[in-house]
Amino acid sequence: MQFSFQQGGWGASLADKLVRKCDVLNRGFSGYNTRWAKIILPRLIRKGNSLDIPVAVTIFFGANDSALKDENPKQHIPLEEYAANLKSMVQYLKSVDIPENRVILITPTPLCETAWEKECIIQGCKLNRLNSVVGEYANACLQVAQDCGTDVLNLWTLMQ
């Protein structure tokens with residue numbers, strides 16, 4: 001997310017497609033998990049006047065949260081806390097007058113374990129994520145969207 005506005009990135013492409021229709025703002029933070037994002041969300045989006053209400057807000061977490069606890073305890077968030085953090089973010093957005101029909105949760109994407117393991121080795125660590133675990137977080141995201149009445153973009157299924 002943080003790098004999506006670099007040349008050729010999806011954020012830059014989206015902003016180009018929507019030029020003169022709406023502003024596309026990215027508040028992605030590389031390496032963050034839902035615990036950290038929940039803390040900074042109130043600094044990023046505040047209650048404003050009706051002209052400030054976004055057309056849509058996306059919440060896209062799970063890749064870092066699903067890191068294996070033993071291999072990456074800094075980023076790992078237990079599954080139940082991940083779901084609670086997503087719900088908390090949706091509830092916060094509602095409290096600043098962004099209705100649930102303007103919130104879109106995005107599931108984490110599938111993980112190519114062989115490619116990720118190569119990256120881990122380059123970084124001097126062991127494989128710290130598993131596709132099967134990421135899938136559990138994707139399912140939790142789907143459940144939160146259903147519970148909160150938000151839309152969801154199921155990248156987990158679309159990219160399989």
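Quick look at the numbers
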read-out	value
Alpha-carbon centroids, the range 51-106 and the range 143-160: separation in whole Å	12
Where Trp36, Trp10 fall by accessible area, highest first, once all protein chains stay in place (1.4 Å)	Trp10, Trp36
Proximal charge balance of Ala84 [Cβ under 13 Å; K/R count +1, D/E count -1]	-1
Accessible area of Lys118 in the full protein assembly, 1.4 Å probe (Å², nearest 10)	140
Cα gyration tensor category, rounded, prolate or oblate, for the range 58-148 with a/c compared to 1.5	prolate
Calculated FRET efficiency for the pair Arg46/Gln123, C-beta based, R₀ 45 Å, to 0.05	0.80
Scattering profile of the chain at q = 0.11, 0.20 Å⁻¹ [log10 I(q)/I(0), Debye over alpha-carbon scatterers]	-0.47, -1.41
Proximal charge balance of Glu119 [Cβ under 12 Å; K/R count +1, D/E count -1]	+1
Reachable aspartates and glutamates from Lys69, criterion Cα separation under 19 angstrom, eight or more residues apart if same chain	Glu80, Glu81, Glu113, Glu117, Glu119, Glu136
Set of lysines near Lys47 by C-alpha distance (under 19 Å), chain-local residues within fewer than 8 positions excluded	Lys38, Lys87, Lys94
Surface share of carbon and sulfur [accessible, 1.4 angstrom probe, percent] for the range 30-157	53
Rounded to the nearest 20 debye, dipole of the chain from Cβ charges on Lys, Arg, Asp, Glu	520
Largest-first ordering by accessible area, 1.4 Å probe, given options Tyr92, Tyr137	Tyr92, Tyr137
Helical segments meeting 18 Å axial Cα length and Kyte-Doolittle -1.0 threshold in the chain (DSSP H)	79-95, 131-148
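The values are calculated or read from the model by the stated rules, or taken from the named source; none is laboratory data. Computed from a predicted structure; not experimentally measured. FYI the Cβ positions are ideal-geometry reconstructions off the backbone, even for glycines, and counts take in every protein chain you see. SASA here: full protein model, heavy atoms, side chains in, ligands and nucleic acids out. Shrake-Rupley method; radii C 1.70, N 1.55, O 1.52, S 1.80 Å.
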